[in-house]
Amino acid sequence: MTDAVVLGASMGGLLAARALVGFYDRITVVDRDPLPADAGHRRGVPQARHFHTILLRGKEALDDMFPGLTGDLVAEGAIPVGFNADARFVLAGHTMVRAVTGASDIQATRPMLEGAVRARLADLPGVKLVPGCDVLGPIVEHGRVTGVKVSRDGTEEVLRADLVIDAMGRSGRARSWLESLGLPTPAEDRIDVNMVYASRLVRPATPFPDKLVLVGPVPGRPTGFAFAAQEHGQWMVTQVGMAGDHPPTDESGYLAFLKRSAPPDVQDAVAASEPLTEIRTHRFPASLRRRYERLRRFPPGLLVFGDAMCSFNPIYGQGMTVAAMESEALRKCLRDGDTDLARRFFRAAGKIIDPVWQLNALGDLALPEIVGHRSVATKALNRYVARLQRVAEHDPVAATAFIRTIGLLQPPSAILRPDVLARVVMGGRRHT
Ligand SMILES: Cc1cc2nc3c(=O)[nH]c(=O)nc-3n(C[C@H](O)[C@H](O)[C@H](O)COP(=O)(O)OP(=O)(O)OC[C@H]3O[C@@H](n4cnc5c(N)ncnc54)[C@H](O)[C@@H]3O)c2cc1C
């Protein structure tokens, strides 16, 4: 019998566990929290009270790992969204032309999505979810991780495993475990954004024409928001402020802050809507990438996954999509056997993360309010992206290239393809 233990049962842990099905006889997924039977909230995932989007590539990967998942979610109330016929994107102050890609996505609250993934995973052979289980530390024998020590109901237990995966989020412990074992720790890349999210669910007083309105920050105003249809007639209002320019949580202050970035119809819709929840905040200090792929020594029997490896600036909505892509990559690595698994998986994950981190850095460093080194290439690319966004107001080719790139369906280099470049340089042809 082979055993794997996944530490953390949030989207990262659930997707890591999915990749293991068929390769390990028993897959135990532990979490400190009680795990709700349905789509409830829990302490370990406070970000779930804020707008969560799955990118276009993430939808593909989720359906790859859980066939039929997003269709089932729509049947259960999630909102199908045509990209971008149903979505209004205002990026760097430019409203993007509609009806561009023909692709579609879904919108649902994070608890609904996570609940559905958790339920599907629990039905797979060999999988067991164990809530109320606090991870204390690894068991290491002859340099190999052979299990993990946990505390359940105040009692310490050892879970033996051939593979242990740290999917405990930004606070993932693998880095400090390496340190305590006297092993090299991964270098960390960091982009400080000093951001606060402030969100609530509302019910609009009258039907709203778009299913999603997304307004990004602009130089001089590092704030933005999302107004997004969710299951069962609820809408998520999420406001964000970077570089210390944070949204207030009192009623009048919240609406006043919205006026800084939202178009008048959204301001009116939010002001007239019925609040369904309190305004909740979430602080996000910095994007953080741990370079496990660069380590020469790493104990066999251990992997790191999801936000524990890289936690992205959430305004770009990439974390769950990257976790789903890592899940596909881990399954592929396991198909090739388990020899040298950590090195092969970290290298594959690094290739997934590299372009996403680049997009993050590019977006953040376009704002003068964000402190960080801007190379000549970064400055030139950001001038190009600013022009592309302007052209995408009326040019469907430019808009499609941009949407498919930020949706991670294609690499960042795709916005430099000759057909796109020509339109951006020429200022784009008007689409009539
Ligand atoms: C405000 C905000 C908005 C976001 N919006 C988006 C978005 O729009 N789209 C998107 O794709 N991503 C978004 N993200 C990122 C996304 O939430 C994460 O990428 C995603 O949850 C995957 O993370 P994870 O599972 O690796 O870690 P986490 O979600 O942080 O989960 C860690 C898990 O580990 C458990 N745990 C921690 N310590 C222990 C312990 N000692 N013992 C046992 N269990 C433990 C916790 O209970 C939790 O279940 C957002 C993040 C934030 C903060």
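Could you point to the residue in 410, 384, 397 farthest towards the positive end of the range 376-426's charge dipole, with +1 and -1 charges on the Cβ of Lys/Arg and Asp/Glu respectively? Going by the Cα projections, it comes out as 384.
Describe numerically, in nm with one decimal, the distance between label points set 7 Å from Cα along Cα→Cβ at residue 188 and at residue 416. Going from the residue 188 label point to the residue 416 one covers 3.1 nm.
Each Lys or Arg adds one and each Asp or Glu subtracts one; over the other residues with Cβ under 10 Å from the Cβ of residue 112, this totals -3. With the highest mean first, a sort of the peptides 387-400, 136-149 on other beta-carbon atoms found within 10 angstrom per residue produces 387-400, 136-149.
Dipole magnitude for the chain: computed about the Cα centre from +1 point charges on Lys and Arg Cβ and -1 point charges on Asp and Glu Cβ, it is near 1340 debye.
So what is the relative contact order for the range 376-426, in percent, with contacts set as C-alpha pairs under 8 Å and at least six apart? Over the range 376-426, the number comes to 31 percent. When DSSP beta bridges are restricted to pairs lying wholly in the chain, around 70% turn out antiparallel.
Quick one: how many lysine pairs in the chain have C-alpha atoms under 29 angstrom apart, if they're 8 or more apart or on different chains? Final tally of qualifying lysine pairs is 10. Seen from residue 224, the other residues with C-beta closer than 15 Å to its C-beta sum to a net charge of +1, counting Lys and Arg as +1 and Asp and Glu as -1.
Dipole magnitude for the range 376-426: computed about the Cα centre from +1 point charges on Lys and Arg Cβ and -1 point charges on Asp and Glu Cβ, it is near 160 debye. Cα centroid separation, the range 213-228 to the range 53-127: 21 Å. All other residues whose Cβ lies under 13 angstrom from that of residue 200 are scored, Lys and Arg at +1 and Asp and Glu at -1, for a net of -1. In the elastic network of the chain, a GNM with C-alpha springs shorter than 10 Å, the most mobile of 78, 348, 187 is 187. Under a point spin-label approximation (7 Å from Cα along Cα-to-Cβ), what is the residue 384-residue 151 distance to one decimal in nm? Output for this residue pair reads 5.3 nm.
Relative contact order of the chain: 20 percent, from C-alpha pairs under 8 Å at least 6 residues apart in sequence.
By the Cα gyration tensor, the range 254-404 has an equivalent ellipsoid whose semi-axes, rounded to whole angstrom, run 36, 22, 16 from largest to smallest. To the nearest 500 deg cm²/dmol, what mean residue ellipticity at 222 nm is calculated for the chain from DSSP H runs of n ≥ 4 alone, each contributing -39,500 (n - 2.57), summed and divided by the residues? Helix contribution divided over all residues of the chain: -10500 deg cm²/dmol. The alpha carbons of the chain give a radius of gyration and a Dmax of 21.8, 69 Å, in that order.
In this simple spin-label approximation, residue 128 and residue 375 carry label points 7 Å from Cα along the Cα→Cβ vector, and these lie 4.9 nm apart. When +1 charges are put on Lys and Arg Cβ atoms and -1 charges on Asp and Glu Cβ atoms, the dipole computed for the range 204-301 relative to its Cα centre reaches about 1120 debye.
A short reminder: the numbers here are calculations on the coordinates, not readings from a lab. On a predicted model such as this, the values are computed, not experimentally measured, just so you know. Note that each Cβ is placed from the backbone with ideal geometry, even for glycine, and that neighbours are counted across all protein chains shown.
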